[in-house]
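The values are calculated or read from the model by the stated rules, or taken from the named source; none is laboratory data. Keep in mind the model is a prediction, meaning the values are calculated, not measured. For neighbour counting, all protein chains shown are included, and Cβ atoms are generated from backbone atoms with ideal geometry for every residue, glycine included.
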Amino acid sequence: MTYSFTVAIDGPAAAGKGTISKAAAAHFGFAHLDTGLLYRAVGRRTLLGVDPVEAAQTLTAEDLDQCELRTAEIAQAASKVAVIPEVRAALVDFQRAFARRAGGAVLDGRDVGTVICPHAEVKLFVTASAEVRAERRFLELQAKGSDLTRDQVLADVKERDARDAERSTAPMKPAEDAVMLDTTDLSIEAALNQALAAVNAKLPAAD
Ligand code: DC
């Protein structure tokens, strides 16, 4: 397969877009980029004292390879640096090049279908109620030894949703042509099947 084909998957934290993106990429043999990791890596560097714009402009593969990027503290730092237009601008080219690589790509984030890849062949917006998302994130963090309470995780999710959706540059929102996927009452398997069906419907026919 040598054509480029982009699947853009956006939505709020813990809606299931990471799981769906990884599984869909594996299913179709596409590359996968979790764009949130870029913002988390920038956020992590700011917690270490680096200026956010400088951190974004000098991000290295090593910054993305840090095992502790998935903490609640780094998620908040990521959401804060993501408001800064110069930070977002510094990360655009890498994401667009990834999206157009030969062989197909799945990118998940907040603005992939609206700003990074407005011409993506497939766009999904994966969402779920804040309570269900917070419960999923709570269980994930607990398994990693976090001592945050359910209420703290819910407050954190809501604060991040509001900041991500209300910022003026590239706010989180569904693209007009996105397929909406609400996973509140869906199993992972059912959600994945819907995502795979949306991609299959747009794949070029085999010769
Ligand atoms: O997907 P995530 O939870 O790892 O993302 C962390 C933060 O990064 C999120 O709260 C907002 C920001 N982000 C963004 O602004 N744009 C993206 N495409 C991906 C993430």
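What to note about this one:
- Number of residues in the stretch 151-183 that are surrounded by 14 or more Cβ atoms within 10 Å (Cβ to Cβ) and under 19 Å from the mean Cα position of the chain (by Cα) equals 22.
- Test: residue in the stretch 2-17 that is in a helix (DSSP H, G or I) and surrounded by fewer than 20 Cβ atoms within 10 Å (Cβ to Cβ): no
- Against the criterion of being touching a strand residue (DSSP E or B) at 6+ places or on another chain (Cβ under 6 Å), buried (at least 21 other Cβ atoms within 10 Å of the Cβ) and closer than 22 Å to Phe125 by Cα, Leu33 qualifies.
- Within the stretch 65-89, residues that are within 15 Å of Glu166 (Cα to Cα) reach partners that are assigned to a loop (DSSP other than H, G, I, E, B) and more than 10 Å from the ligand (Cβ to nearest atom) with beta carbons closer than 9 Å, at six or more positions or on different chains, in the pairs Val83/Ser168; Pro85/Ser168.
- Number of residues in the stretch 79-126 that are of a type outside the set (Gly, Ala, Ser), surrounded by fewer than 19 Cβ atoms within 10 Å (Cβ to Cβ) and away from the ligand (no atom under 13 Å from the Cβ): the value is 7.
- Check on Asp164, among the acidic types (Asp, Glu), outside any loop (DSSP other than H, G, I, E, B) and within 10 Å of the ligand (Cβ to nearest atom): yes
- Selection over the stretch 60-69 of residues that are surrounded by 17 or more Cβ atoms within 10 Å (Cβ to Cβ) and within 13 Å of the ligand (Cβ to nearest atom) gives a count of 1.
- Within the stretch 160-189, residues that are within 15 Å of Gly11 (Cβ to Cβ) sit with their Cβ atoms under 8 Å from residues that are more than 12 Å from the ligand (Cβ to nearest atom) and part of a loop (DSSP other than H, G, I, E, B), at 6+ positions apart or across chains, in these pairs: Ala175/Pro118; Met180/Pro174; Asp182/Ala128; Thr183/Ala128; Thr184/Ala128; Thr184/Ser129.
- Test set (1) in a helix (DSSP H, G or I); (2) more than 10 Å from the ligand (Cβ to nearest atom); (3) farther than 22 Å from Val7 by Cα - Gly49 fails condition number: (1)
- Any chance Val132 is assigned to a helix (DSSP H, G or I) and either farther than 28 Å from Phe30 by Cβ or more than 12 Å from the ligand (Cβ to nearest atom) (or both): yes
- Selected residue [of a type in the set (A, V, I, L, M, F, W, C), within 11 Å of the ligand (Cβ to nearest atom) and at pLDDT below 95] from Ala13, Ala8, Ala41: Ala13
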